[in-house]
Amino acid sequence: MEIPDRPLEIIWDVTYACPLRCSHCYSESGRRPSRQLDRERMLRVADAIVAMEPYGVSIAGGEPLLVRGIVEVAERMTAAGTKVALFTSGWTLRPEMVDDIARAFSSVSVSLDGATAEVHDRIRGRRGSFERALRALELLDEAARERRLGGRERLSFGIDCVVVRGNFHQVEDVCTAIAPRFPDLGSLSFGAVVPEGLASRAGFAEHELLSDDQAALLGSGEYGARLRSLAPPFVRVSATDNLALQMHPDRVREGIFFPVLQIEPDGAVRAMAAYEGTVGNVLTDSPAELWRRAVERWHDPFVVGTLAPVRTMREWAEATRAIDHRFGSEADRARMDRRPEFRPTAAPDMG
Ligand code: SF4
C-alpha cells in the first residue's frame, strides 16, 4: 500500500472514563481524567471526521457508552454516510439502549478476553465483567434476531478478543464454546495485544505480551483457517499479530501499516495510533495538515532509529517506552512515570 493522502480509518477514543481496569489498557482509561468534550464540541469533531471521508470510524475509549450524547454524535456521522463502529466492554449496556445503538452504529464489538470468567475477569480487572459482556452479547443477539425476522435493518455485532499470554490457551474455546451461544453473531476478531499504554510496561512485556512464536502463530494464515474451521460457519473470523500498528520503517516501506488517524477524547490527534505524541487538534487544525504532520512523524529520525532494530515483541515494548517518552507531553511523561509496575495476579482488581 502507498501512503494515502488522507487517513482511511479513524479511531476516536471519546472518553478515558471506564468502569474496568484492564491490565493491557492502551489508553490507561479509568486511571486518568476523562478529557471528554461537551456536546457541541463532540458534534464538531464528528463533522470534522465526516469531512475526512474515511472508510470508517471506530468509537472507542474508555467506555463510549458512558458518554452522554454518544448516540446523537454517532447518528450525525451515520446520517452523513460514514460507517461508525462501537467498541464496548458491555459493562454499561442496558436493554433500553439497544435500539438506539442499533440505529446509530453500523456495528458493535464487545470485548471478551477469555472463554471463562476466571480468565476474562483477571485480565479485565473487575469481577463480573465476563458475565456483563455475555449479557451484552445476549441483548445484541436478541435484537439482531428480532430485526432480521422483522425485515428491519440488520444489527451487526461481534466479539473482539485481545490475546495475551494468559488467555492464549482459550482462543480456540472462544470459537467453540462462546460463539455458538449467539446464533446471530457476525464476527470474531482476535488481535495480539499491542505493547502500548499499560501493555508497554516492562513487567507486562515479561509476563503477558505474547511470545514471538505465539504472535507469529496468531498472524499466520494457517491458524486463521483453523479458527475459522472451529467457529460456527456463519461467523467471520479474523486473527492478527497487529504488527501493522508497529510502524516499523521496513514495513512502512513495504506498505504494511495502518493508515489510521487516532483522535483523543478532547480532539487531539496522535501522530501514530500505538504511541503517545500528538500533532494538533481536529477542532483547530485542518485534516490535511494533521495527516501531513502525522505521516512526517512516521519518518522522524528518532522514530525510525528506535523502531529499525526492533525484531521481537519485547523490543517493541522497549521502543514504545522510548517513543512515548520522546514525544509525549510533560503531563504524559508524568502519568507514565506514575504507572504502577505490572504484577501477575490470579484475581481481578489487583493488576
Ligand atoms: S475496557 Fe477498554 S478502555 Fe476500559 S480499561 Fe479495558 S481496555 Fe481500557
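Table: residues versus (1) of a type in the set (Asp, Glu); (2) within 14 Å of the ligand (Cβ to nearest atom); (3) within 24 Å of Ile10 (Cα to Cα).
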| residue | (1), (2), (3) |
| --- | --- |
| Ala85 | no, no, yes |
| Glu96 | yes, no, no |
| Asp113 | yes, yes, yes |
| Arg126 | no, yes, no |
| Leu139 | no, no, no |
| Gly151 | no, no, no |
| Cys161 | no, yes, yes |
| His169 | no, no, no |
| Leu188 | no, no, yes |
Assess whether Arg39 counts as being farther than 27 Å from Phe130 by Cα and surrounded by fewer than 21 Cβ atoms within 10 Å (Cβ to Cβ).
-> yes
Here are some residues: Ala46, Ala74, Ala102. Which one is within 18 Å of Arg135 (Cβ to Cβ), away from the ligand (no atom under 16 Å from the Cβ) and open to solvent by less than 20 Å² (accessible area, probe 1.4 Å)?
-> Ala102
The correct count of residues that are surrounded by 13 or more Cβ atoms within 10 Å (Cβ to Cβ) and without any contact (Cβ under 8 Å) to a residue 40 or more places away in the chain in segment 332-350 is 1
Residue ranges of helices (runs of 4 or more DSSP H) in segment 122-240 with at least 1 members open to solvent by 40 Å² or more (accessible area, probe 1.4 Å) and over 30 Å from Arg338 (Cα atoms) = 129-149, 212-218, 221-230
Could you tell me which of the residues Gly267, Gly328 is modelled with pLDDT of 95 or more, in contact with a Gly (Cβ under 7 Å, 6 or more places away or on another chain) and small (Gly, Ala, Ser)?
-> Gly328
Residue check for Arg251: free of Cβ contacts under 8 Å to residues at least 24 places away in the same chain and not in a helix (DSSP H, G or I) = no
For segment 55-64, does any single residue satisfy the condition of being closer than 23 Å to Phe157 by Cα, in contact with a Leu (Cβ under 7 Å, 6 or more places away or on another chain) and within 16 Å of the ligand (Cβ to nearest atom)?
-> yes
Exclusive hit being within 16 Å of the ligand (Cβ to nearest atom), under 16 Å from Ser187 (Cα atoms) and either of a type in the set (Val, Ile, Thr) or open to solvent by 10 Å² or more (accessible area, probe 1.4 Å) (or both), set Val119, Val108 = Val108
Say whether the condition of being touching a Lys or Arg at 6+ places or on another chain (Cβ under 7 Å), open to solvent by 40 Å² or more (accessible area, probe 1.4 Å), in a helix (DSSP H, G or I) and not charged (D, E, K, R) is met by at least one residue in segment 322-331.
-> yes
Exactly one condition in (1) open to solvent by 20 Å² or more (accessible area, probe 1.4 Å); (2) more than 20 Å from the chain's Cα centre (by Cα) is not met by Met52; state its number.
-> (1)
Matching entry among Gly158, Gly125 (being at pLDDT 95 or above and on the phi > 0 side of the Ramachandran plot) = Gly125
Exactly one of Val304, Val310, Val269 is outside any loop (DSSP other than H, G, I, E, B), of a type in the set (Val, Ile, Thr) and open to solvent by less than 30 Å² (accessible area, probe 1.4 Å), and that residue is Val269
By residue number, the members of segment 25-43 that are in contact with an Asp or Glu (Cβ under 7 Å, 6 or more places away or on another chain) and within 16 Å of the ligand (Cβ to nearest atom) are Tyr26, Ser27, Arg35
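The values are calculated or read from the model by the stated rules, or taken from the named source; none is laboratory data. Since we're looking at a predicted model, the values are computed, not measured. Every residue, glycine as well, gets a Cβ built from its backbone with ideal geometry; the counts of neighbours run over all protein chains shown. Keep in mind that these areas ignore ligands, DNA and RNA; they rest on the heavy atoms of the full protein, side chains included. Shrake-Rupley method; radii C 1.70, N 1.55, O 1.52, S 1.80 Å.
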